[in-house]
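J.: Here it is: the structure, laid out below.
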Amino acid sequence: MITGGNNFVSSAPVFSNDAKKLLVCTGNTVSIFSTDTGMLVTELEGHTDLVTSVVVVPVAANARKFMCYCWTSSRDSTICYWDFAAPELVKKIKVQLPIVSMVIPHISSLSADSSEKLSNLYAFVSVEDINKPADQRKALRGQIQIYNLTNSRRVGGLLAETRRPELISMSSSGEFIGIKNKQKIYTWRIPTKEFKYDDIRRIKLHHTKKFNTLAFHPSERIIAGGDVTGRILIWRGFGKRNLSETSRKLSAGRTNNEEGNPGVRGNDDADSCSTWHWHPEAVHILFFSSDGAYLYSGGKEGVLVVWQLDTGKKRFKPRLGSPLLYYTHSPDPSLSCISCADNSIHLIKMPSMAIVKSIGGIKLPFSFPDMHKRPSSDFAFDYSSGLVALRTSDHCIQFFSLFENFEVSQVQVCERNFQPVDDPMVFVALMSLSGDGSMMSTVEVRLPEEGLGDLITLKFWARGSRVGEYNLVTVIYEPHSYAEVSALAFRSGYRMAVSTSLGGEFKVWLYYSDKQKDHQKSGWRCQSVGSYKKMPMTAAAFSADGSVLAVAAETVVTLWDPDKNALVAVIGDTFTPITTISFAGKSDYIVTLSQGSNPQLAVWDLSNLSIVWSYKLRAEAVACTEDLSQFAVLVLPEVPNGPATGDQNGIILLFDVKKPVPLATWMVKKAKKGSLAFMPPDTSRQHTDVEDADGSGIPLLVYINARIGYTSIYGELPEFDSKKDEIQEIPFVPSERPWETIFSGSSHVLPPLTKLCSAFLSSLLEKRHTTLE
Amino acid sequence: MAADTSKPFFPVESRHRPRQPKTLTPKSRFWRSFKSAPLSNNLILPVTSIEFSPLAPHDLAFSVSASIHLYSGSSLTPKSFSPLGSFSDVAYSPSFRCDGQLLAAGGESGLVQVFKLDKAGHAIRRLRAHSRPVHVVRYPRILDKLHLFSGGDDAFLTYWDVPSETQLLTVPGAHKDYIRAGSTSPISSEVIATGSYDHSIKVWDVRVSNSSSPVINFDHGHPVESVLFLPSGGLIATAGGNSVKIWDVIGGGRLIHTLDSHNKTVTSMCLGKIGTENGGESRIMSVSIDGYLKCFDFAALKVTHSMRYPAQLLSVGFSPSGIARVVGTSNGNVYIGKKKKKDDEKMEIVDDFSAFRPEPKEKVLRPTNFRYFHRGQNEKALQSDFVVKKPAKVKLAEHDKLLKKFRHKDALVSALNGKNPSGIVAVMEELVARKKLVKCVVNLDVDELGLLLGFLHRNATLPRYARFLMGLAKKVIELRSEDLQSSEELRVHVRNLKRMVAEEIKIQRSLQEIQGMISPLLAIAGR
């Protein structure tokens, strides 16, 4: 099974010490990207659940090339210590509870001495108490605990308890850590030397709105907090009374000049508090620059704002295309990165704020108004080059390579900028790719504002010179005279497409090219219009050879001759309107799915125009093989009590059209709104990654789930048992002479020389040992 | 460093329109290059025939009433001795000799006269043989300067020796009806094709001993109005009735193509060379009573251009030099289309001394000169140079700048102050996409509301915007009814809107009536 399409933005990425690598939490692994190329270098595999934070151990400048160690925490209740140059797991510490966030204060001062054994290393972790019931609103499920990483023991009691686990922020010196808790900020001062639990003291800072994020100034006692309304509060000189070394003495003198603390609420321990308000929505990012002169902030509107801390002047980096989630700076002052909510990480060259590289993951699903319950319109597949096309929130279509596991390109369907609204008025509603990927059609919808100005636009695109590059060919406004378009399909082998509408008609579009005339007249035009008893058309498909067009008119399937636009036959009917129609390969069978109160999966025989068999199943998606007469459906099992939750598990069933008994079944997670497709195996990569799959041209089944948290969204599922013996195992035979292979490979993949050298020497030693015997 | 991949600001874009079919094809561009002007010469009688001289500068002759008008071929102005007026009755069919020195013309009286064209005066030869009007007088097109063909309504075809005014050959009863058309062969001086109202076309060769019978005889099917030898000499085009037919003479009178593009009788044809002045493609130009001039490409066998004139057309001529197109009508108008010259070629006057004049020496720029510091700035990049282009500065319209700052109402007002309706609608649609249009309408003050209502009054019924703007007009009136009642100025706008709606309803009703009339016809046609 291959998986891919990881979520890059589940937590903040971290730069390595030489700023050449970026460590990104991707599900159960930590992926390490090169900042120069933006490509994946290696992965740290070992956690069994979501990795939540990474802490790179800082080292002195001369050792940056060799010392590549990091700590990771995960929701599988472990903390791991890695050498990420090798990459190998060094140490694993068990914690009782799932970790949400971890900081390690004073890690730099310790490793600078390079005396790891002597002093203790303490980790402050925010854990989720899973023992307490989740449905109880008042339960305090979040805890801040301290762990001694050197001897793997928990220290002291709880620092704080919160409703839900919070992210811990730490000042760059490691002196302060803080969390937000509703309308308060808790700040602790961590003593550098002789660490004792009792020495940790806390102050609270209050506000009237819920906090969303906070940040510490690198050198001064300044704390910035961002709230859900977009305000940024900056406290200066916090904790002078309670958090300083000599706090006891000072506190007596401080209390009498209350009026000298402008803006500070109540009895909070700060000199002054000022508020900046530019963001219209919640602030997600707050970050002080390393010299402390600037404050970076960002939020839902996708604009990175740079505040000059002394004057409050602003500079902007607009149009990042998506809400911003995390900002990370690197040891190299000219490089930093922004994580966006659309699962992309932009590397930014700093003073100019120009995007140098983008690491694009698969776009996360976004909410858009779903006017009609329509399955499997979220994805389209380019079978020839192994791409999946999916819609993004900023009016693009992203092409994502399934086998290579990276973003190939983005096509701007609708020339509009991203706007952070909850209910977008303009969105790409439908898309369809021809089988060879040479043509694409999209439907974009603009919703009416109080009945005004709605628009449906059908666009046809042709592929450019590169894979995933499409050029606009034809724009058709209101293709079905103000009725909503329900389906699009291309005819394989022809430049012909069909679009169906709920207004009761379908239109066949044909590409005309007029080469003789010097003025360009080529483009897509409507060739014919068809309707069946004025019934709303809900789905359409062309047969594999393109000779038959099947259009679902609510509960019946109408078969047409696409050239002559003549009705050939009608088969029907199902109980509820058909939502998906598909030809089963080159066979004479049609598979239809219908949803609603009485869902049905039905297989129809075209040779005698009758139903072959059917199930009462709620199927989300169907995929048919190209040559074999098999198809797979993604089924959501009926939950007896109430509506299905989002994380509903599903079953993939593989059928042969002639037999109602499934050939194979697989259980999958989060199947709601998922999608299936059969991909021809990628021959170019067969020898490298896909070697555990079948090598005999059996298509791969792709499964994509559409819920948040794409940890493993597609995969080649093992083919059914009867074919298993055909799978040729290619066992990795360790070489007799390791020194021949130990240095092979490109230099950036090789472990550091210190490691290689020892391995090399040991292999030599071993050999001599054997010869001696 | 890689270019910044973040997205630019997208300005609002009005909807694409279907591309207007380009009206200017190369052919129509060619024809449009003729500046057309009717000649106001107070003629009432029909212009029966138009002829260009075969020699440069291709003088023009046309027959109207009892005179032949002569125009200079280069300037298209009447010659000093024009018109030739020694006709006792209506003159017909002027024909230039192949060297352009002489002109022969027939007439209603049956007399064929030959004129010398360098000065005014009476005919130098008078050929008397026909007893009825002579509509066909033709000089041979090549070589022969001595002979002349004439055909008359008495169905006589006569071959003349002009100097001696004697008939070398007379074919009595050459046709069974009036001879009204004739064309001499472009490759032989002894061959003529004649067409008659008896529907037949006959090709005669005076060298044939038994000359009372034609070489070839074929039937057009209608009274023949015009006959034309095509330049190869192997094809003949004939006009009669509504059709023009092309015949293969060498192949024994085989019909090659029939062209039925006229609605009424085709009266005349001529040959034209279009395109570049030297050479170009040959076209048959035919004119008809229906007022159309059609241009027919006989190589591709299709009509390439057609022009309409406001009168019945009787005659057509096209200058061999390609600079003039002349059409004569039944009410005496002559339309002369003269090709517009792009720029007068400047004649360089080369005097003998210019070769010896010293070339002006190029001054060497010195740092004392201001231009010294600007030298090389206007240098063009060579083809081999690598050009580093400045990124084009994006120019944003005022409303785009305001939309970028989310000042929606200001953007709407700024667009309304502009002139372009499609731009205004584009801004409105953008506001809909941002869900702000209704809010903007509510926030408009009275002046701006007046602006909006004025725009709606002007554009709401345009079919392109009607669906959106009608709804908007309704919404505006709903939302701002109190303001509309209180302000006198706005009430005027509302009155205008009301009138517009009433007009539109009237139009829709009449359209429905038309639809009601058409739909039964369509139903019948569909059966």
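Every number here is computed from the coordinates shown, using simple stated rules; none is lab data. Predicted, not measured: the structure shown is a model, and the values here were computed from it. Here Cβ is always computed from backbone atoms with ideal geometry, including for glycine, and neighbour counts include all displayed protein chains.
J.: Taking only Cα atoms, what is the 0 to 90° angle, nearest 10, from helix B:466-479's long axis to the longest principal axis of chain B?
T.: The angle comes out near 30 degrees.
J.: For the pair A:T665/B:K116, report the inter-label distance in nm, with labels modelled 7 Å from Cα in the Cβ direction.
T.: For A:T665 paired with B:K116, the spin-label model returns 11.7 nm.
J.: In the range B:493-527, which GluC sites (Glu not before Pro) are in a loop and have at most 15 other Cβ atoms within 10 Å, using DSSP for the loop call?
T.: Here no loop site has a sparse enough neighbourhood.
J.: May I ask which of A:K314/A:K357; A:K363/B:K389; B:K404/B:K435; A:K313/A:K363 have a Cα-Cα span longer than 22 Å here?
T.: Correct reply: A:K314/A:K357; A:K363/B:K389; A:K313/A:K363.
J.: Which of the lysines could a cross-linker bridge to A:K182, judged by Cα under 22 Å and excluding same-chain residues fewer than eight apart?
T.: Here the lysines satisfying the reach criterion relative to A:K182 are A:K132, A:K138, A:K204, A:K209, A:K210, A:K300.
J.: While we're here: Taking the Cα atoms of the range B:28-339, what is the range of coordinates along each of the three principal axes, in descending order and whole Å?
T.: Its Cα atoms span 51, 46, 34 Å along the three principal axes.
J.: Here's something else I'd like to know. Can you list the residues, at least 5 places off or on another chain, whose amide H is less than 5 Å from the amide H of A:A621, using H built in the peptide plane?
T.: Hits under the 5 Å cutoff: A:L634.
J.: If you don't mind, there's one more thing I want to ask. Cα-Cα over 32 Å: which of B:K202/B:K273; B:K35/B:K395; B:K395/B:K439; A:K672/B:K474?
T.: Too far apart for the 32 Å limit: B:K35/B:K395; A:K672/B:K474.
J.: So what's the range B:108-233 giving for Cα Rg divided by 2.2 N^0.38 Å, two decimals?
T.: Computed over Cα atoms of the range B:108-233, the ratio equals 1.01.
J.: Output ³J(HN,Hα) for the range A:171-177: one whole-Hz value per residue in order, computed from phi by the Karplus curve 6.51 cos²θ - 1.76 cosθ + 1.60 with θ = phi - 60°, and x for Gly and Pro.
T.: Coupling constants for the range A:171-177: 6, 5, 7, x, 6, 10, 10 Hz.
J.: A follow-up question, please. What residues have an amide H closer than 5 Å to that of A:T52, excluding those fewer than 5 places away on the same chain, when H is modeled at 1.01 Å from N in the peptide plane?
T.: Residues meeting the criterion, in which the H sits 1.01 Å from N, are A:S73, A:S74, A:R75.
J.: Let me ask you something else. Taking R0 as 56 Å, what FRET efficiency do you get between B:L146 and B:E281 from their Cβ-Cβ distance, rounded to the nearest 0.05?
T.: After rounding to 0.05, the efficiency reads 0.95.
J.: Please report, to two decimal places, log10 I(q)/I(0) for the range A:137-196 at q = 0.19, 0.28, 0.30 Å⁻¹ as given by the Debye formula with identical point scatterers on the Cα atoms and no solvent.
T.: At q = 0.19, 0.28, 0.30 Å⁻¹ the computed log10 ratios are -0.80, -1.31, -1.35.
J.: Taking the Cα atoms of chain B, report the difference between the largest and smallest coordinate on each principal axis, in whole Å and largest first.
T.: 99, 86, 46
J.: Along each of its three principal axes, how wide is the spread of alpha-carbon positions in the range B:392-527, in whole angstrom units, largest first?
T.: Answer, in whole Å and largest first: 60, 48, 24 Å.
J.: Same structure, new question: Among B:222-228, A:626-632, B:27-33, how do they line up from the highest to the lowest mean number of other beta-carbon atoms within 10 Å?
T.: On the way: B:222-228: 23.1, A:626-632: 18.9, B:27-33: 15.6.
The densest-packed peptide leads the list: B:222-228, A:626-632, B:27-33.
J.: Something else: If you average 1/r over every pair of different alpha-carbon atoms in the range A:436-578 and take one over that average, what Kirkwood value in Å do you get? Walk me through the numbers on the way to the answer.
T.: Values: mean 1/r = 0.0623 Å⁻¹.
After inverting the mean inverse Cα-Cα distance, the result is 16.1 Å.
J.: Further question on the same structure: For A:T26, what residues show an amide H to amide H distance below 5 Å, using hydrogens built from the backbone and excluding near sequence neighbours?
T.: HN-HN under 5 Å from A:T26: A:S31.
J.: Just grab the label-to-label distance for B:L521 and A:L764, each label 7 Å out from Cα along the Cβ direction, in nm (one decimal).
T.: Result for the modelled spin labels: 10.2 nm.
J.: Could you work out, for the range A:332-453, what percent of all Cα-Cα pairs fall into each 5 Å distance bin, beginning at 0 Å and stopping at the bin that holds the largest distance?
T.: 2, 10, 17, 20, 18, 14, 9, 6, 3, 1, 0
J.: Within the range A:443-458, list the residues whose amide N lies under 20 Å from a label point set 7 Å along Cα→Cβ of A:D423.
T.: Residues A:444-456 qualify, since their backbone N sits under 20 Å from the label point.
J.: Pop out the ³J(HN,Hα) list for the range A:40-54 in order, Karplus 6.51 cos²θ - 1.76 cosθ + 1.60 with θ = phi - 60°, rounded to Hz; leave Gly and Pro as x.
T.: So the J values, rounded to whole Hz, are 6, 9, 7, 9, 9, 10, x, 6, 10, 9, 3, 7, 10, 8, 10.
J.: Only sites in a loop by DSSP and with at most 13 other Cβ atoms within 10 Å count here; which trypsin sites (Lys or Arg not before Pro) in the range A:460-551 make the cut?
T.: Passing both the DSSP loop test and the Cβ count: A:R466, A:K515, A:K517, A:K533, A:K534.
J.: If one takes the longest principal axis of the Cα atoms in chain B, at what angle in degrees, from 0 to 90 and to the nearest 10, does the Cα axis of helix B:421-433 lie?
T.: Taking the Cα atoms of chain B, the angle to B:421-433 is about 40 degrees.
J.: Additional query: Bin width 5 Å, origin at 0, all Cα-Cα pairs of the range A:408-503: what percent of pairs per bin?
T.: 3, 12, 22, 23, 19, 12, 6, 2, 0
J.: The range A:14-360: Rg/Rh from Cα coordinates, Kirkwood Rh?
T.: In the range A:14-360, Rg relative to Rh is 0.95.
J.: Determine the gain in length on full extension of the stretch A:V529-A:D561; use 0.36 nm per residue of separation and subtract their C-alpha separation, reporting nm with one decimal. Let's see the in-between values first.
T.: Values: separation 32, 0.36 × 32 = 11.52 nm, distance 1.21 nm.
10.3 nm is the gain from fully extending A:V529 to A:D561.
J.: How much FRET efficiency would the formula 1/(1 + (r/R0)^6) give for B:Y372 and A:T229, where r is the Cβ-Cβ distance and R0 is 51 Å, rounded to 0.05?
T.: Values: r = 64 Å, r/R0 = 1.25.
Calculated transfer efficiency: 0.20.
J.: Please list, or write none, the lysines whose alpha carbon is within less than 29 Å of the alpha carbon of B:K361, excluding same-chain residues fewer than 8 places away.
T.: B:K346, B:K380
J.: While we're here: Angle, helix B:408-417 long axis vs. longest principal axis of chain B, Cα atoms, 0 to 90°, nearest 10?
T.: 30
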